[in-house]
Amino acid sequence: MVTGGAGFIGANFIRYVLTKTDFTGRIINFDKLTYAGNPENLADIADQYPARYVLEQGDICDPKRVADVLQKYQVDAVAHFAAESHVDRSILGPGEFVRTNIEGTFTLLEAVRDLWKDRKDVLFHHVSTDEVYGSLGQEGYFTETTPYDPRSPYSASKAASDHLVSAYFHTYGLAVTKSNCSNNYGPYHFPEKLIPLMILKLQKGETLPVYGDGKNIRDWLYVEDHAEAIWTVMTKGVLGETYNVGGENEWENLKLVQVLCEKTAVALGRPAQEFLSLIRFVPDRPGHDRRYAIDCSKIKKELGWKPRTEFSQGLEKTVAWYLANPEWVQNVVSGAYKTWLERNYSAR
Ligand code: NAD
Ligand code: TDX
């Protein structure tokens with residue numbers, strides 16, 4: 001069972017596992033279909049793999065619904081992606097983050113503990129973020145032993161969920177693995193996040209809001225590389241262990257936005273200067289972490305994973321995908337995918 005499989009990374013993960021690995025089983029996508037969850041992200045997969053891909057709408061905070069679905073399919077592995085994921089939204093309304101990210105993870109852990117008892121041929125993989133480690137200065141990297149120091153309601157809620165997962169390993173012997181990853185980018189990314197937001201604003205000729213001085217640094221990883229990392233941990237990782245995942249690819253926000261201007265200009269056959277002039281510095285995000293950088297040597301050395309996608313090419317693919325999928329963008333931003341959902345999934 002994949003929780004949050006209709007979101008950005010979860011959908012890319014399901015696509016990756018069904019199309020690019022030797023997995024032969026069935027995937028249950030358990031998703032509440034919030035504003036960020038869109039079954040259209042996997043419409044082609046639903047058509048191609050009718051016997052191996054199932055969508056079950058449900059809330060991870062609902063113990064009965066979770067238990068029913070786990071029981072119905074006799075789930076033996078959970079990849080837990082479902083979360084409220086946007087830092088700005090967590091600042092505006094932290095309650096939903098506490099509910100989904102902490103209570104939801106707790107509800108899932110209780111449900112699998114009850115279903116699996118002492119089974120060891122099962123796995124709960126928890127997907128988390130580098131933001132739990134806090135903010136770095138110019139030097140240094142987050143390792144798996146960096147003390148937690150979350151600064152936003154989002155990262156605090158993810159930190160709490162990480163601790164619950166560890167506690168269930170140590171206290172109850174639940175078979176768990178965890179991964180903490182840096183910023184992802186790629187297709188199906190909800191256009192509230194920096195990269196897709198900028199691409200769509202460029203397309204419409206709107207100004208590009210850069211928070212603060214634009215010198216905050218993020219490490220970027222192509223989403224399919226993250227999917228591969230999670231699959232690698234799930235199939236080769238050591239129970240109870242955490243693996244940091246990153247792109248070894250740090251960028252200041254302003255420089256990244258400038259590169260996006262250039263790539264989008266090339267894709268649209270327009271002069272880059274026209275786009276660069278749209279950049280505006282806007283008031284900073286409260287508690288804005290200055291720099292994230294991941295040391296991913298553990299997963300590289302112990303499990304043989306490494307980031308594959310070269311950033312320039314990954315960005316070009318991403319720009320091309322957004323420009324080629326205006327209908328997806330329109331559905332997502334207008335909320336029309338809800339109608340699409342009623343049309344396509346009313347029978348389930
Ligand atoms: P997203 O916001 O695109 O998708 C979240 C999905 O979870 C949606 O499909 C939504 O409908 C579903 N969901 C939300 N609340 C739910 C609930 N109560 N019950 C069931 N489903 C629910 O998020 P994303 O960017 O794909 O992130 C997925 C996971 O990866 C999150 O746990 C996030 O913390 C983590 N992560 C994200 C990034 C990143 O760069 N986006 C980086 C590292 C880790
Ligand atoms: O309009 C913007 N202008 C801007 O300067 C937006 C939306 C963002 N930013 C900055 C803030 C960050 O420094 O760009 C950077 C990236 O912002 P987001 O895309 O909102 O991502 P971030 O806050 O870094 O968190 C993301 O990566 C880690 C995901 O949303 C999290 O779910 C993940 O855990």
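Quick notes on this one:
- Looking only at residues in the range 7-59 that are among the acidic types (Asp, Glu) and assigned to a helix (DSSP H, G or I), the one that is farthest from the chain's Cα centre (by Cα) is Asp47.
- A single entry from Tyr168, Tyr172, Tyr188, Tyr211 fulfils the requirement of being out of contact with any helix residue (DSSP H, G or I) (no Cβ under 6 Å at 6 or more places or on another chain) and open to solvent by 10 Å² or more (accessible area, probe 1.4 Å): Tyr211.
- Flag if Ser155 is within 15 Å of the chain's Cα centre (by Cα), open to solvent by 30 Å² or more (accessible area, probe 1.4 Å) and within 11 Å of ligand 1 (Cβ to nearest atom): no
- Some residue of the range 281-293 being open to solvent by 30 Å² or more (accessible area, probe 1.4 Å), part of a strand (DSSP E or B) and either under 30 Å from Pro94 (Cβ atoms) or free of Cβ contacts under 8 Å to residues at least 40 places away in the same chain (or both): yes
- Selection count where residues are assigned to a loop (DSSP other than H, G, I, E, B), touching a Phe, Trp or Tyr at 6+ places or on another chain (Cβ under 6 Å) and surrounded by 18 or more Cβ atoms within 10 Å (Cβ to Cβ), scope the range 100-149: 1
- Residue check, His125 in contact with a helix residue (DSSP H, G or I) (Cβ under 9 Å, 6 or more places away or on another chain) and either closer than 19 Å to His80 by Cβ or away from ligand 2 (no atom under 16 Å from the Cβ) (or both): yes
- Within the range 245-274, the only residue that satisfies the criterion of being under 20 Å from Pro209 (Cα atoms), in contact with an Asp or Glu (Cβ under 8 Å, 6 or more places away or on another chain) and open to solvent by less than 10 Å² (accessible area, probe 1.4 Å) is Ala265.
The values are calculated or read from the model by the stated rules, or taken from the named source; none is laboratory data. Being a predicted model, the structure only gives us computed values, none of them experimental. In this analysis, Cβ positions are derived from the backbone assuming ideal geometry, glycine residues included, and neighbour counts consider all displayed protein chains. Surface areas here come from the heavy atoms of the whole protein model, side chains and all, with no ligands, DNA or RNA. Shrake-Rupley method; radii C 1.70, N 1.55, O 1.52, S 1.80 Å.
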